[in-house]
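Please treat every number below as a calculation from the coordinates, not as lab data. Model, not experiment: these values are computed from the prediction. We place every Cβ from the backbone using ideal geometry, glycine too, and count neighbours over all the protein chains shown.
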């Protein structure tokens, strides 16, 4: 009965279902909320996409998710591009995601949080770097839309509280893609052109949606506020709205009207404050006078009768006089002893005594010098005699004195030391100790040795 039927195995059924799904759907865009997001060691993203009625499992492999600029989280509203498939081992339908992006307000919130964390790490929110707002500014610059409600609210508050305050309105676009650049340039222009004139800057905008306030969450505006040398108050949106500009500004006001009230002090409030300070000053002076009066009374109560005080002072003077006399007597005695000791030492060191010692020393040294000179002279004479004897013994004249003669061959007058250098008939010159003789050679006889 069942022989003609085609029976699927589970694996074959799931495989065919997968092929049918992938063949019919292809790439699809799916919008939903992320839930059950997890990242195992493999680096793949596993999560579910759901709406109010259904959900579908999704996977984004590591090859595709490494290019994302953010890490998805549960609750993110996302738009995914992927293909419908079936995970065969469990028979579950899933979406293989190839591209993922945050959608709508979720994307703006994620960008807001990421920029906030980045600027906080760089120190742009540090309280110690924020500048003080002047108590009574003379000139305020308002950067806002020229046609918005924010500038009207600010002008009304200023006119009511302090009409003489100078205000310069710098109109900018506060909504749209070009607004952030305009706002940043307006802050820079205010610091460059109005430096030294403007005391405070108010950056204002009325309420709006989160998308409308997006220009005030741009990095270019945050860095322009941080670089401003003029104190800046941020008054963007309603009291519940917070932007990046609020965190970087030197002061945040919940509304534009509140910013004007923070900048401009009311005349009546100043008068009340002056009265209050004057009252505190009078109380402080009267309190100080009362304290001095109490101290004076206390000192008067402690003051003794003049006679008793005189006796005490006299007794003290007598005690000090006795101690001074004893101290001076001891000191004079020590000085006298030192003087006597110095006199004895000086008697030994008088010029006459030192001159006698020097004369005796000079005579002794003179005798020693004379004796040394004579000994040296005798040694020199003896050495000279020895050298003279040696010189005489080596002198040619001394040799000639002993009967020797020097023979020179003529005409060269070359000394002859070997008889073999002469020939019969040669003329020679014989030099004696006294005189010379010219001779002729008759016969040459050479020694056999």
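Miscellaneous remarks
- Highest-fluctuation residue, 74, 357, 153 considered, GNM on the chain with Cα pairs under 10 Å: 357
- Cα-based equivalent ellipsoid of region 127-265: semi-axis lengths in Å, sorted from largest, via gyration tensor: 20, 17, 14
- Once Rg and the Kirkwood radius are both taken over the C-alpha atoms of region 370-444, their ratio Rg/Rh works out to 1.34.
- If the convex hull is drawn through the Cα atoms of the chain, its volume per residue in Å³: 931 Å³
- Taking the C-alpha atoms only, the angle from helix 351-394 to the longest principal axis of the chain is near 60 degrees.
- Max mean-square fluctuation residue, GNM over the chain, Cα-Cα springs under 10 Å, options 277, 309, 365: 365
- Shape category assigned to region 125-173 from the gyration tensor of Cα positions, a/c cut at 1.5: oblate
- Footprinting exposure proxy ranking of 399, 20, fewest other C-beta atoms within 10 angstrom first, gives 20, 399.
- For region 164-210, the extents of the C-alpha atoms along the principal axes are 35, 23, 13 Å, listed from largest to smallest.
- For region 129-159 versus region 190-223, the gap between their alpha-carbon centres in whole angstrom: 11 Å
- Angle between the chain longest axis and helix 149-161 axis [Cα atoms, degrees, rounded to 10]: 80 degrees
- The gain in end-to-end length when the residue 324 to residue 359 segment is fully stretched comes to 7.5 nm, 0.36 nm per residue minus the alpha carbon separation.
- Cα radius of gyration and Dmax for region 287-391 (Å): 41.4, 123
- Per residue convex hull volume, Cα atoms of region 54-165, in Å³: 208 Å³
- Equivalent ellipsoid semi-axes - Cα gyration tensor, region 368-411, angstrom: 40, 9, 5
- When the Gaussian network model of the chain links Cα atoms closer than 10 Å, the mean-square fluctuations of 159, 381, 66 top out at 381.
- Calculated P(r) of region 401-440 - Cα pairs past 11 Å, %: 62 percent
- Packing-based exposure ordering (other Cβ within 10 Å, fewest first) of 209, 343, 145: 343, 209, 145
- The chain: angle of helix 10-25 to the longest principal axis, Cα-based, in degrees nearest 10: 90 degrees
- Normalising the Debye intensity of region 10-103 to I(0), with uniform scatterers on Cα atoms only, and taking log10 at q = 0.15, 0.21 Å⁻¹ returns -0.57, -1.06.
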